[in-house]
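Structure, as structure tokens:
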Amino acid sequence: MSTIERVDVLVTSPGRNFVTLKVTTSDGVTGLGDATLNGRELAVAAYLKEHIVPLLIGRDPQNIEDTWQYLYRGAYWRRGPVTMAAIAAVDVALWDIKGKVTGQPVYQLLGGASRTGALAYGHASGSDLPSLFTSIQNHLDQGFKAIRVQTSVPGLGQVYGVATNQKPGERYDYEPAKRTAVPTEEAWDSAAYIEHIPTVFKAVREEFGYGLPLLHDGHHRLTPNEAATLGKALEPYRLFWLEDCTPGENQESLRRVRSQTTTPLAIGEIFNTVYDYQTLITEQLIDYVRSAVTHTGGISALKKIMDFAAIYQIKSGFHGPTDISPVGQAAALHLDMAIHNFGIQEYMKHSPETLEVFKTSYTFENGLLHPGDNPGLGVEYDEELANSYEYTPAYLPVNRLQRDGSMHDW
Ligand code: CS2
Ligand code: MG
């Protein structure tokens, strides 16, 4: 019987920090898992190195479910972003190994293909309407069939989601984590934002029509009542979804938003277990599950969440920013291919230097992503090159109210 013989926790920083788990079996088969938690990478690396790796040596790599339960229930201290990212990395690495041993791409092991590809959405942004329109056209030219729209807000400085470089033809840089000793600070004003956003979507619809699926990310910044106000004001512009309209940890607060607007709602990128969704799903307070495989306990756990969500006609909209590594992105794509209740997949293209470290086999054609048919996940990791990129502390910004400096949600 093959056993888990070696487990490496690999930290690299090709432009941004990534944590990757590499599991090697006694037969020499390796599997990769993503353990990247933006701004808290070393916490997950330490959790893996100190408390998970010693427990994996000698285990049967075939037993994915038992290993998941062993790491979840055996820790005693359950849930949380660090714990669930660590468990996710192990889960994904074992699925990668199972695919390689069976000669199957992971999606075939999850039930096979339910679609020809996963509809992707890209991130367009602009500090004003002309630059926003250029960014939208840039993403249409790249083949995107669905686009997220974020803009600056008059009277405020840098806000979430607006690319720092606006040169057409260049890759837009949306990396929010800054390599600074302490987080950078942004200023916010919800009233100015609520006033501005409907005017942006009115202009975008007038310019690009109603056939283009448009998404928007509120990034946790509104109260439930403010979120209801914005959702209602956006109804004429028929968004594909309004994301993170209000902090989702108080799941019941979405009852207020849901009762006031038909704008579709997406929540969950900062959630890490099914319990974070329980009320949102059973009361159909959301339309899309936003989790990433990397932050939610892996392929095994997120598939269970999606099977639960399917009962309530809720679809997937998995998180796919550049702080999910190509390993995590590939894992999401295999799940996207197999589940019935797929909705859409976020796709922020990684930098060329990242894609030199992580050799991927997923493709993006005609607006659809496909994980490829290589055995396992279809991602290889260049350790020598990865080791040449030293970890550098980087933090996500914090957000304060412009009027009085109170801490707010970023
Ligand atoms: C964003 C994320 O893609 C999104 O929807 O909310 O990019 C988020 O800002 C980053 O993952 C934070 O690291
Ligand atoms: Mg988001």
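The values are calculated or read from the model by the stated rules, or taken from the named source; none is laboratory data. From a predicted model like this one, the values you see are computed outputs, not experimental measurements. Using ideal geometry, Cβ is built from the backbone for each residue, glycine included, and neighbour counts are taken over all protein chains shown. SASA here: full protein model, heavy atoms, side chains in, ligands and nucleic acids out. Shrake-Rupley method; radii C 1.70, N 1.55, O 1.52, S 1.80 Å.
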| Filter result (within 26 Å of Tyr347 (Cα to Cα) and either open to solvent by 60 Å² or more (accessible area, probe 1.4 Å) or more than 18 Å from the chain's Cα centre (by Cα) (or both)) within the stretch 257-274 | Thr262, Thr263, Pro264, Ile270
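For the stretch 119-160, how many residues are of a type in the set (Gly, Ala, Ser) and closer than 23 Å to Phe364 by Cα? Break it down stepwise before answering.
So the first thing to find is which residues in the stretch 119-160 are of a type in the set (Gly, Ala, Ser), and the list is 120, 122, 124-127, 131, 135, 143, 146, 152, 155, 157.
Going one step further and asking which of them are closer than 23 Å to Phe364 by Cα, we end up with 120, 122, 124-125, 135, 143, 146.
The number of residues fulfilling the criteria is 7.
Please find, among Glu235, Glu249, Glu269, the residue that is among the charged types (D, E, K, R) and touching a residue at least 40 places away in the same chain (Cβ under 8 Å).
Values: Glu235 fails: touching a residue at least 40 places away in the same chain (Cβ under 8 Å); Glu249 fails: touching a residue at least 40 places away in the same chain (Cβ under 8 Å).
The conditions single out Glu269.
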| request: May I ask you to verify whether Glu41 is surrounded by fewer than 17 Cβ atoms within 10 Å (Cβ to Cβ) and either farther than 23 Å from Gly378 by Cβ or not assigned by TED's automatic domain parsing to the domain that holds Pro352 (or both)? | output: no
| Inside the stretch 52-81, can you point out the residues that are hydroxyl-bearing (Ser, Thr, Tyr) and open to solvent by 50 Å² or more (accessible area, probe 1.4 Å)? | Tyr70, Tyr76
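Do you know which residues across the stretch 105-127 are out of contact with any Lys or Arg (no Cβ under 8 Å at 6 or more places or on another chain) and either open to solvent by 10 Å² or more (accessible area, probe 1.4 Å) or in contact (Cβ under 8 Å) with a residue 60 or more places away in the chain (or both)?
To start, the set of residues in the stretch 105-127 that are out of contact with any Lys or Arg (no Cβ under 8 Å at 6 or more places or on another chain) comprises 105, 107-108, 111-118, 125-127.
Scanning the stretch 105-127 gives Pro105, Tyr107, Gln108, Gly111, Gly112, Ala113, Ser114, Arg115, Thr116, Gly117, Ala118, Ser127.
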| Some residue of the stretch 176-199 being modelled with pLDDT under 95, within 23 Å of Gly320 (Cβ to Cβ), open to solvent by 30 Å² or more (accessible area, probe 1.4 Å) and of a type outside the set (Asp, Glu) | yes
| said: Would you confirm, using the coordinates I've provided, whether Thr354 is in contact with a strand residue (DSSP E or B) (Cβ under 6 Å, 6 or more places away or on another chain), not basic (Lys, Arg) and not in a strand (DSSP E or B)? | reply: no
| said: Residue under question is Glu235, and the condition is that it be farther than 24 Å from Thr36 by Cβ, touching a Ser or Thr at 6+ places or on another chain (Cβ under 6 Å) and surrounded by fewer than 20 Cβ atoms within 10 Å (Cβ to Cβ); does it hold? | reply: yes
| query | If you go through the stretch 340-350 one residue at a time, do you hit one that is modelled with pLDDT of 95 or more, more than 16 Å from ligand 2 (Cβ to nearest atom) and open to solvent by 30 Å² or more (accessible area, probe 1.4 Å)? | reply | yes
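Being over 30 Å from Asp27 (Cα atoms), among the β-branched types (Val, Ile, Thr) and at pLDDT 95 or above narrows it down to one of Thr102, Thr151, so name that one.
Working: Thr102 fails: over 30 Å from Asp27 (Cα atoms).
That would be Thr151, the only listed residue that is over 30 Å from Asp27 (Cα atoms), among the β-branched types (Val, Ile, Thr) and at pLDDT 95 or above.
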| request: Read through the list (1) in contact with a Leu (Cβ under 7 Å, 6 or more places away or on another chain); (2) within 19 Å of Met1 (Cβ to Cβ), then give the number of the only condition that Ile52 fails. | output: (2)
| query | Going through the stretch 382-410 one residue at a time, which ones are open to solvent by less than 50 Å² (accessible area, probe 1.4 Å), within 20 Å of the chain's Cα centre (by Cα) and away from ligand 2 (no atom under 16 Å from the Cβ)? | reply | Ala394, Val398
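Give the residues of the stretch 288-310 that are more than 14 Å from ligand 1 (Cβ to nearest atom) and either open to solvent by less than 10 Å² (accessible area, probe 1.4 Å) or free of Cβ contacts under 8 Å to residues at least 24 places away in the same chain (or both), sorted by residue number. Lay out the reasoning, then the answer.
Step one: filter the stretch 288-310 for residues more than 14 Å from ligand 1 (Cβ to nearest atom), giving 297-310.
Residues satisfying the conditions are Gly297, Gly298, Ile299, Leu302, Ile305, Met306, Ala309.
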| query | Here is a list of conditions, (1) open to solvent by 10 Å² or more (accessible area, probe 1.4 Å); (2) in contact (Cβ under 8 Å) with a residue 60 or more places away in the chain, and Pro130 meets all of them except one; can you say which number that is? | reply | (2)
| Unique residue being surrounded by fewer than 23 Cβ atoms within 10 Å (Cβ to Cβ) and within 16 Å of ligand 1 (Cβ to nearest atom) when the list is Pro326, Pro321 | Pro321
